[in-house]
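Working notes, structure below.
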Amino acid sequence: EKLRNKGVHIYFIEQNINTKDLSADFLLKLFQLFDEQESRDKSSKVKWGLKENAKTKKTISTTRNIYGFNFIKETNSLEIIEEEAEVIRLIYKLYLEGNGIRRIINHLNDNQMYTRKNKPFCPSTIKRILSNEKYCGTNVRNKYTNGRVFSKHSYPHINDKSEWIVQEDHERIEPIISKETFKAVQAKFKDSTH
């Protein structure tokens, strides 16, 4: 419509439709609905496939540079990097003692504790560390999705908890913190958002 208002018309060769003809609007909208539904169907099938794969295969879904761990591709496992694990434990301890994200970052900077790239931690990294189940030895599959169909937001968002596939996997993910510590931090997170 914006293009038409500027005197620009589009000719769809395959459908033999020209936007110059106002009667073609109905057909264009119909084709758009078909395309949208096809895209939704494909998205649904891919989502189902990923969920079924997560149920049957115990692969660890993670980035190769997860702080505190070294990802071993051959065994599909995470091995603790002790000096980084100490920082992880400190972050959890400081948070449970009532320190906010900024204070934790200041404490780490004051004590020259930096990321793997030797840079200061940023708030989003601290939040990810405090909410990542792998630190207590749990593998959660299907937690994230890559946005929605026809959404301008393509960044991952968290699926509903009912969609998650939780696997206790201490054989391949050695815990850095206890499950109790992790649960206490999640409860504190929940309280701070209400």
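The values are calculated or read from the model by the stated rules, or taken from the named source; none is laboratory data. In this text the structure is predicted, and so the values were computed from the model without any measurement. Every residue, glycine as well, gets a Cβ built from its backbone with ideal geometry; the counts of neighbours run over all protein chains shown. Only protein heavy atoms, including side chains, enter the accessible area calculation; ligands, DNA and RNA are left aside. Shrake-Rupley method; radii C 1.70, N 1.55, O 1.52, S 1.80 Å.
Observations on the model:
- Exposure of residue 183 as accessible area (Å², to 10), given a probe of 1.4 Å and all protein chains: 130 Å²
- Computed label-point distance, nm, for sites residue 6 and residue 124 using a 7 Å Cα→Cβ extension: 3.2 nm
- Charge tally in the Cβ shell below 14 Å around residue 18, where Lys, Arg are +1 and Asp, Glu are -1, residue 18 excluded: -1
- Only protein atoms count toward the accessible area here, which uses a 1.4 Å probe; on region 1-133, the carbon and sulfur part of that area reaches 53 percent.
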